[in-house]
1. Just the ratio, please: alpha-carbon radius of gyration of region 1-102 over 2.2 N^0.38 Å, N its number of residues.
2. Hull surface divided by four, with the convex hull built on the Cα atoms of region 147-206: how many nm²?
3. By the scheme Lys and Arg +1, Asp and Glu -1, what is the net charge of all other residues having a beta-carbon under 11 Å from that of residue 82?
4. Compute the distance from the alpha-carbon center of region 127-201 to that of region 56-108, in whole Å.
5. In vacuum, with every alpha carbon of region 101-178 counted as one equal point scatterer, what does the Debye formula give for log10 I(q)/I(0) at q = 0.11, 0.14, 0.20, 0.23 Å⁻¹? Two decimals, please.
6. Once R0 is set to 30 Å, what does the formula 1/(1 + (r/R0)^6) return for the Cβ-Cβ distance between residue 93 and residue 194, expressed as a FRET efficiency to the nearest 0.05?
7. Which part of region 56-73 falls in the paramagnetic zone of residue 40, meaning amide N under 18 Å from the point 7 Å along Cα-to-beta-carbon?
8. Can you give me the angle between helix 116-131 and the longest principal axis of the chain, using Cα atoms only, in degrees from 0 to 90, rounded to the nearest 10?
Amino acid sequence: MGDRPILYSFRRCPYAMRARMALLPSGTVCEIREVKLSAKPPELAAASAKATVPVLVLPDGAVIDQSLDIMRWALGRHDPEDWLERDDPALIAANDGPFKHHLDRYKYPDRHQSDPARHRAAGLALLEALEGRFDGVPYLHGAERGLTDIAIFPFVRQFAETDRGWFDAQPLLRLQAWLARNLASALFAAAMVRLEPWRAGQLPILFP
């Protein structure tokens, strides 16, 4: 191992996205390895039995292979925006559980043999509950973004992009503004760097 963590990532994966978005403000410099999901490198499976992104291998060989754990580990080292003060585990669990369930079945109906309209409606109902959180404030916990915003944002983005015209027509004005705010952020732009799939033996690529 070198002196920097190794991050196995995939640009469009919402779990990997939120991990990268927490690593950035923490100032944690990693060697990033972009994974092609249809041709995963054996090094990924050797690091974590789950063999999917994100996986963070620390310089001492310890492995963190859950995105929320990566976020909290990084921010536990350095948290200049105090994101950890705005961490709502129950709200994140609702996103990662029920909302993700409906999102997958809306976005990938052939894969799940599902009725996309039914799951879209169920996902919308959950987003309507989020809409009520933005009562005169731009973020889920007030005036500043926090861990909860960044943990949930990539999944709302994915839901919106499945049919953007339909999503933009829904009565979710405050949620839509929150989504637009995160999409336009310098943080999101920095997290979405394009990389070629990693191959063993190539020169390390540092992130950020």
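Every number here is computed from the coordinates shown, using simple stated rules; none is lab data. Here the structure is a predicted model, which means the values were calculated and not measured. Please note: Cβ atoms are built from the backbone with ideal geometry, for glycine as well, and neighbour counts cover all protein chains shown.
1. Computed over Cα atoms of region 1-102, the ratio equals 1.08.
2. 5.7
3. Details: positive: 86, 145; negative: 79, 81, 85, 87, 144.
With Lys, Arg at +1 and Asp, Glu at -1, the net is -3.
4. Taking the Cα centre of region 56-108 as reference, the centre of region 127-201 is 15 Å away.
5. -0.29, -0.46, -0.87, -1.08
6. 0.45
7. Backbone N within reach: 56-58, 63-70.
8. That works out to roughly 90 degrees.
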